[in-house]
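Student: I'd like to ask some things about the structure below.
The values are calculated or read from the model by the stated rules, or taken from the named source; none is laboratory data. Quick caveat, the model's predicted, so the values are computed rather than measured. Cβ placement follows ideal geometry from the backbone for every residue including glycine, while neighbour counts extend to all protein chains displayed.
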Amino acid sequence: MKAGFEAKAATGVLSEEWRWIRGNEEDWSFDEDGRLQIRIRPGSIYGTENTARNLLVRPMPAAASEVQAIVEMNLLLPYEQAGLLWYYDDDHYIKLVIELLPEGRHVVHVREEGAEADVVAKAAVGSDPVILRLALTQDGQAVEAGFRLPEEEAWTLIGQCPAFDRSEEGMQTGVFGHCGSDEEEHWASFEGFEVK
């Protein structure tokens, strides 16, 4: 199965299954190559803050076990980030992002449950764009986080965390960014979004 943004990119309209959380109509567009551009605003979903804007999500099909997307962003501010979400709500999610840490650009894997966030793993990455992937393990009990550069064949696995109970309704997946700026325009680019 595949569920990209591209279904209606030519008209500048997202497919119907997508919805914004705290979205701003002026903060997104498709570029001439069909890539989704999202402006990265201040705010966060880490812990109890729950102020991040422009989260774009869609239902996660029951049979799906993997999500991936190509993410590109010129990270400029401390902890600025963009990437993938497996999302129930602001206090229950798994994310995989490229993020500007004090020690440089990293791919960072986080799981939050009950507003308690845990950094599962991180790995340095120097170049853009990066392909990010979240995937259930074969037994469905854990979620693996991995990344690769476009020219690479093999995935680099950086972490694994417990999966949420998929028997509960409401699991969504999507893309987002946070810890950006209102004063300067910082944009993240997303393409090749796939649900498998």
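Student: Name every residue in region 34-50 that is touching a residue at least 12 places away in the same chain (Cβ under 8 Å) and out of contact with any Cys (no Cβ under 8 Å at 6 or more places or on another chain), in order of residue number.
Tutor: Listed by number, the residues that qualify are G34, R35, L36, Q37, I38, R39, R41, I45, Y46, G47, T48, N50.
Student: For region 131-144, does any single residue satisfy the condition of being among the aliphatic types (A, V, I, L, M), without any contact (Cβ under 8 Å) to a residue 24 or more places away in the chain and farther than 29 Å from D27 by Cβ?
Tutor: yes
Student: Would you say D90 is touching a residue at least 24 places away in the same chain (Cβ under 8 Å), surrounded by fewer than 19 Cβ atoms within 10 Å (Cβ to Cβ) and charged (D, E, K, R)?
Tutor: For D90, the condition - touching a residue at least 24 places away in the same chain (Cβ under 8 Å), surrounded by fewer than 19 Cβ atoms within 10 Å (Cβ to Cβ) and charged (D, E, K, R) - is not met.
Student: Continuing with the same structure: Return the residues of region 70-94 that are under 21 Å from G170 (Cβ atoms) and aliphatic (A, V, I, L, M); say none if nothing qualifies.
Tutor: Within region 70-94, L84, L85, I94 qualify.
Student: Separate question: Step by step: first the residues of region 133-154, then only those that are over 11 Å from E66 (Cβ atoms) and under 19 Å from the mean Cα position of the chain (by Cα), then the one that is surrounded by the most Cβ atoms within 10 Å (Cβ to Cβ). Which residue is that?
Tutor: A145
Student: Name the residues in region 119-173 that are farther than 14 Å from W86 by Cβ, among the hydrophobic types (A, V, I, L, M, F, W, C) and in a loop (DSSP other than H, G, I, E, B), would you?
Tutor: Residues satisfying the conditions are V125, L149, A154, W155.
Student: Go over the candidates V125, V175, V107, V143 one by one and state the one that is under 19 Å from L56 (Cβ atoms), in contact with a Leu (Cβ under 9 Å, 6 or more places away or on another chain) and at pLDDT 95 or above.
Tutor: It is V175.
Student: Consider region 22-33. How many of its residues are outside any loop (DSSP other than H, G, I, E, B) and surrounded by fewer than 19 Cβ atoms within 10 Å (Cβ to Cβ)?
Tutor: Qualifying residue count for the region: 4.
Student: Would you point out which residue out of S181, S167 is among the hydroxyl-bearing types (S, T, Y) and surrounded by 14 or more Cβ atoms within 10 Å (Cβ to Cβ)?
Tutor: After ruling out the rest, the residue left standing is S181.
Student: On to the next question. Does region 42-68 hold any residues that are more than 18 Å from H109 (Cβ to Cβ) and touching a Leu at 6+ places or on another chain (Cβ under 7 Å), and which are they?
Tutor: V57 - this is the single residue of region 42-68 that is more than 18 Å from H109 (Cβ to Cβ) and touching a Leu at 6+ places or on another chain (Cβ under 7 Å).
Results for (1) under 13 Å from the mean Cα position of the chain (by Cα); (2) modelled with pLDDT of 95 or more; (3) of a type in the set (S, T, Y), shown as yes or no for each residue.
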{"site": "A10", "(1), (2), (3)": "no, no, no"}
{"site": "L36", "(1), (2), (3)": "yes, no, no"}
{"site": "P42", "(1), (2), (3)": "no, yes, no"}
{"site": "A69", "(1), (2), (3)": "yes, yes, no"}
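Student: Now for a different question. Would you call I98 under 14 Å from V130 (Cα atoms) and crowded, with 17+ Cβ neighbours inside 10 Å?
Tutor: Yes, satisfied.
Student: Take S189 and tell me if it is closer than 22 Å to W20 by Cα, in a loop (DSSP other than H, G, I, E, B) and of a type in the set (G, A, S).
Tutor: So S189 fails the test.
Student: Related question: Restricting attention to region 34-68, which residues are within 19 Å of A163 (Cβ to Cβ), touching a Gly at 6+ places or on another chain (Cβ under 8 Å) and part of a strand (DSSP E or B)?
Tutor: Within region 34-68, V57, R58, Q68 meet the criteria.
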